[in-house]
Amino acid sequence: MKRLAIPKTYKLYIGGKFPRSESGRVYEVLSHTGDFLANAAKGSRKDARDAVVAARGALGVWAGATAYNRGQVLYRIAELLEGRRAQFIAEIMSCEGVNAAGAGAQVDEAIDRWVWYAGWADKYVQVAGNANPVSGPFFNLSVPEPTGVVAIIAPQGDESLLGLVSAIAPAVVAGNTVVVVANENAPLSAISLAEVLATSDVPGGVINIVTGSPAEIAPWLASHADVNALDLVGAGDLDWVELQISAADTLKRVLPPESGADAAAPALSRILAFTELKTIWHTKAIL
Amino acid sequence: MKFLDYAPAPESQALLDLKSDYGLFINGDFTAGRGTPFATINPATEQRIAMIATANEADVDAAVSAARHAYDGVWSRLSGSDRGKYLFRIARLVQERARELAVAETLDNGKPIKESRDVDIPLVAAWFFYYAGWADKLDHAGVGPNPASLGVAAQVIPWNFPLMMLAWKIAPALAAGNTVVLKPAETTSLTALLFAEILQQADLPAGVVNIITGDGRTGHTLVNHPGVNKVAFTGSTSVGRAIARSVAGTDKKLSLELGGKGANIVFDDAPIDQAVEGIVRGIFFNQGHVCCAGSRLLVQESIHDDVIDRLKRRMQTLRLGDPLDKNTDIGAINSAEQLARIRELSDRGQQEGAERWSADCEIPANGFWFAPTIFTNVATSHRIARDEIFGPVLSVLSFRTPAEAIAKANNTPYGLSAGIWSDKGSRILAVADKLRAGVIWANTFNQFDPSSPFGGYKESGYGREGGRHGLAAYLKPAVRSGARSISAAADHTTTPVSKKSAPAQKAAK
């Protein structure tokens, strides 16, 4: 007799916990053939704001962690993702309608992306900062620091897991904390990734994942005064110019939508986009 | 004149040869503006210096066209070393005409001649000299090999350091291979127009730099012009917000250098007399018309009274008056409008319960003046602790622990500058780590250098000026064919979706 399977309840990931949406709403996630897969939580404005609070709360710990530590935590994510490779392949196949080889390639690339960014944790400061030879008795040093809380609209196209990882990893490797709105149509891998994150030594609140409608949630994040930056990489289908205008009220740093196969490609500039350069002048004694 | 008082020592204006009217500098020549001309006045006397042209929309369009033409036809084709040679020439010409520029700056802006002569103009020359050397070394700017220039840069600058802000904008733009349309502030156009004459002497190709004058409407037209590729603005946070909104959805690259409310933190082990000098330099330099001014003094409680006593004593020795006098410390407030704002905020400080004290100095009969002023007993909620006053007004708060100092320093939407005064290096490093500000001065304040990046966190803007990072603000990565593999990921090269082109990425299913 065939065993009756236990389906998973897909919830949000906020502050290291898995709450349902406070709104009580869910929406149906369908397979590429239109079959019911799951009820995902339909995140609300309040959920997004709770996520910002969690992200702000986690910022001190995460930004203050050593670069070596952050690098190891990101590498740990890759390790655990590798271990759950089969689960992600199955979810991606059902959601995105790709074959096992295609789904496997996507998961592999997502794992490799975590590893690539993990390696940057203790290097981007060296590459992007420098000592400045000022005319005077000063030791003058410029170093990049995390911008703060970054709100991300994850890529909404194919390759839901890879798109999500490509957007999150560069922001968090620098020490930012993030609130990410997942791929609306293919949110399952985002929540499964949250399970990986929850067991990867990522402090609660560093990465917060909200599923639901980006069109509904994004405006609240764009105008939120405690959000420092906005990555619109997956917002191409939204009225993203309005989001950018709204973000201007608190002078958020904004990355525009990207499209095509090259969207959110791994790049040092994606890390640096959410850093701030601090320059310190230290007086030297005159001997 | 009292015993041991200073005799007047005014700098001569004889070396100035000003015209009565100035036009717009477009495509290498001065041309009459089509808007209504306005007078630029000496804020120390309220006397007219010259008439300045106003660029209307057609003039802005002509300037942008000239810059585009020069970009396509000349400047983008020139070798980096030749661009550098032009910038070296400009640096030398500024040095040669330094005194003349300093006198003109002081006349038009109201700042003391000792500052325009010893700070502003030397930094202008240094800025061009520094970026001149970058022009043929762009591979090392930090945006990957063979970086590309952006095109036409629209630059709008404030009135507090008129020629210095011009240099901060133009030097990196030209070094990176862009052409420029620059609009100086309405009240301080004069030295930008003298600078245009220097460009003629340097034989810079026509249209590479265009200088258009006018008020905020001219600036608005310029930054919104569809023909510009880069917008660089220094000024108020409210205008910066408006610009950020207006360039939203376009491909224009934006740098904003906006307001500040810098904390100057004095710990109990600081060398107090040096700290007092630093406090004075932090807030009374350039009449406090400094975006990175140390306008909030945070003093450790145990030394609060001592620091305030010594500060008041020091402030009594500040000499306010004729900006052209070489002994003047505090010059004129730049405009009646700014003076009104300083007065309004200071009055508000008193109404909200802070204790006001001003140095006892004689205020000249004409012109715009404000005596150096401090407020004690200031609470973090007071407007004088939150709003940028942009004048010689210091708000004093106290703290007990480093943690409290950090919390108070960061309790502002701004994040441009901060100062730390302590004899203990480890404390300075720890506190500097926690301050959310782009420039931090340890046991010094208001230092500037072309090799040192400058710019803010949070609502003080984004982008950096100065140093390698200031150069990168005018460059983009080389265009390469798309490959998303990690090994090829030297830099970020995907195509952003533009509001006007590209249908947005299609959502799945």
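The values are calculated or read from the model by the stated rules, or taken from the named source; none is laboratory data. What you are looking at is a predicted structure, and each value in this text was computed from that prediction instead of being measured. Here Cβ is always computed from backbone atoms with ideal geometry, including for glycine, and neighbour counts include all displayed protein chains.
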Self-check item: In the range B:320-370, the residues that are among the acidic types (Asp, Glu) and more than 22 Å from the chain's Cα centre (by Cα)
Solution: B:322, B:325, B:344, B:347, B:352, B:355, B:360, B:362
Practice problem: Can you give me the number of residues within the range A:249-261 that are part of a strand (DSSP E or B) and facing chain B (nearest Cβ under 7 Å)? | Solution: 2
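Looking at the range B:444-453 only, could you name the residues that are surrounded by fewer than 24 Cβ atoms within 10 Å (Cβ to Cβ) and either facing another protein chain (nearest Cβ under 7 Å) or at pLDDT below 95 (or both)? Quick ask: steps written out before the conclusion?
In the first step, residues of the range B:444-453 are kept if they are surrounded by fewer than 24 Cβ atoms within 10 Å (Cβ to Cβ); the result is B:444, B:446-449, B:451.
Passing the criteria: B:444, B:447, B:449, B:451.
Would a scan of the range B:103-121 turn up a residue that is within 14 Å of chain A (Cβ to nearest Cβ) and either in contact with a His (Cβ under 9 Å, 6 or more places away or on another chain) or within 30 Å of residue B:15 (Cβ to Cβ) (or both)? It would help to see each step written out before you state the result.
Step one: filter the range B:103-121 for residues within 14 Å of chain A (Cβ to nearest Cβ), giving B:118-119.
Now drop any that are not either in contact with a His (Cβ under 9 Å, 6 or more places away or on another chain) or within 30 Å of residue B:15 (Cβ to Cβ) (or both), which leaves B:118-119.
Yes, the range B:103-121 contains at least one residue that is within 14 Å of chain A (Cβ to nearest Cβ) and either in contact with a His (Cβ under 9 Å, 6 or more places away or on another chain) or within 30 Å of residue B:15 (Cβ to Cβ) (or both).
Would you point out the residue of the range B:338-350, among those that are among the charged types (D, E, K, R) and touching a Phe, Trp or Tyr at 6+ places or on another chain (Cβ under 9 Å), that is farthest from residue B:311 (Cα to Cα)?
B:341
Starting from residues that are touching a helix residue (DSSP H, G or I) at 6+ places or on another chain (Cβ under 6 Å) and not aromatic (Phe, Trp, Tyr), keep the ones in the range A:120-147 and report whichever is farthest from residue A:55 (Cα to Cα). Quick ask: steps written out before the conclusion?
In the first step, residues of the range A:120-147 are kept if they are touching a helix residue (DSSP H, G or I) at 6+ places or on another chain (Cβ under 6 Å); the result is A:120-122, A:124, A:128, A:132, A:143-144, A:146.
Add one more test, that the residue is not aromatic (Phe, Trp, Tyr), and what stays is A:121-122, A:128, A:132, A:143-144, A:146.
Numbers: A:121: 19, A:122: 22, A:128: 25, A:132: 33, A:143: 23, A:144: 20, A:146: 13 Å.
By that ranking, first place goes to A:132.
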Exercise. Answer with yes or no whether residue A:191 is touching a residue at least 40 places away in the same chain (Cβ under 8 Å), more than 7 Å from chain B (Cβ to nearest Cβ) and not polar (S, T, N, Q).
Key: yes
Quiz item: What residue, among those in the range A:206-237 that are within 12 Å of chain B (Cβ to nearest Cβ) and assigned to a helix (DSSP H, G or I), is nearest to residue A:194 (Cα to Cα)?
Solution: A:214
Self-check item: Subset of the range A:262-272 (residues that are within 8 Å of chain B (Cβ to nearest Cβ) and on the phi < 0 side of the Ramachandran plot)
Solution: A:262, A:263, A:265, A:266, A:267, A:268, A:269, A:270
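Yes/no per residue for (1) out of contact with any strand residue (DSSP E or B) (no Cβ under 9 Å at 6 or more places or on another chain); (2) under 14 Å from residue A:48 (Cβ atoms); (3) not in a strand (DSSP E or B):
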position	(1), (2), (3)
A:169	yes, no, yes
A:172	no, no, yes
A:180	no, yes, no
A:201	yes, no, yes
A:244	no, no, yes
A:263	yes, no, yes
A:266	yes, no, yes
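Which one of these is facing chain B (nearest Cβ under 7 Å) and surrounded by fewer than 22 Cβ atoms within 10 Å (Cβ to Cβ): A:283, A:279?
Working: A:279 fails: surrounded by fewer than 22 Cβ atoms within 10 Å (Cβ to Cβ).
Of the residues listed, the single one that is facing chain B (nearest Cβ under 7 Å) and surrounded by fewer than 22 Cβ atoms within 10 Å (Cβ to Cβ) is A:283.
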Quiz item: What are the pairs, 6+ residues apart or on separate chains, where a residue within the range B:353-375 that is touching a residue at least 40 places away in the same chain (Cβ under 8 Å) and closer than 16 Å to residue B:112 by Cβ has its Cβ under 7 Å from a residue that is outside any loop (DSSP other than H, G, I, E, B) and of a type in the set (Val, Ile, Thr)?
Solution: B:370/B:342; B:372/B:330
Quiz item: Looking at the range B:419-434, is at least one residue touching a helix residue (DSSP H, G or I) at 6+ places or on another chain (Cβ under 7 Å), among the aliphatic types (A, V, I, L, M) and more than 8 Å from chain A (Cβ to nearest Cβ)?
Solution: yes
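Mind counting the residues in the range B:77-111 that are of a type outside the set (A, V, I, L, M, F, W, C) and not in a helix (DSSP H, G or I)?
Of the residues in that region, 4 qualify.
Regarding the range B:162-169, can at least one residue be identified that is charged (D, E, K, R), assigned by TED's automatic domain parsing to the domain that holds residue B:252 and surrounded by fewer than 24 Cβ atoms within 10 Å (Cβ to Cβ)? Reasoning before the result, please.
Here is the first cut: in the range B:162-169, the residues charged (D, E, K, R) are B:169.
Applying the additional criterion that residues be assigned by TED's automatic domain parsing to the domain that holds residue B:252 yields B:169.
Keeping just the survivors that are surrounded by fewer than 24 Cβ atoms within 10 Å (Cβ to Cβ) gives none.
Checked the range B:162-169: no residue is charged (D, E, K, R), assigned by TED's automatic domain parsing to the domain that holds residue B:252 and surrounded by fewer than 24 Cβ atoms within 10 Å (Cβ to Cβ).
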Practice problem: State the number of residues belonging to the range A:13-32 that are touching a Lys or Arg at 6+ places or on another chain (Cβ under 7 Å) and either over 14 Å from residue A:51 (Cβ atoms) or touching a residue at least 60 places away in the same chain (Cβ under 8 Å) (or both). | Solution: 6
Quiz prompt | Considering residues of the range B:351-375 that are in contact with a Phe, Trp or Tyr (Cβ under 8 Å, 6 or more places away or on another chain) and surrounded by fewer than 20 Cβ atoms within 10 Å (Cβ to Cβ) only, the residue farthest from residue B:398 (Cα to Cα) | solution = B:363
Practice problem: Can you tell me which residue among B:70, B:63, B:102 is among the small types (Gly, Ala, Ser), in contact with a Leu (Cβ under 8 Å, 6 or more places away or on another chain) and crowded, with 22+ Cβ neighbours inside 10 Å? | Solution: B:63
Quiz item: Restricted to the range B:397-418, and to residues that are touching a residue at least 24 places away in the same chain (Cβ under 8 Å), surrounded by fewer than 24 Cβ atoms within 10 Å (Cβ to Cβ) and more than 14 Å from chain A (Cβ to nearest Cβ), which residue is nearest to residue B:312 (Cα to Cα)?
Solution: B:398
Quiz item: Any idea which of B:437, B:502 is assigned to a loop (DSSP other than H, G, I, E, B), modelled with pLDDT under 95 and within 9 Å of another protein chain (Cβ to nearest Cβ)?
Solution: B:502
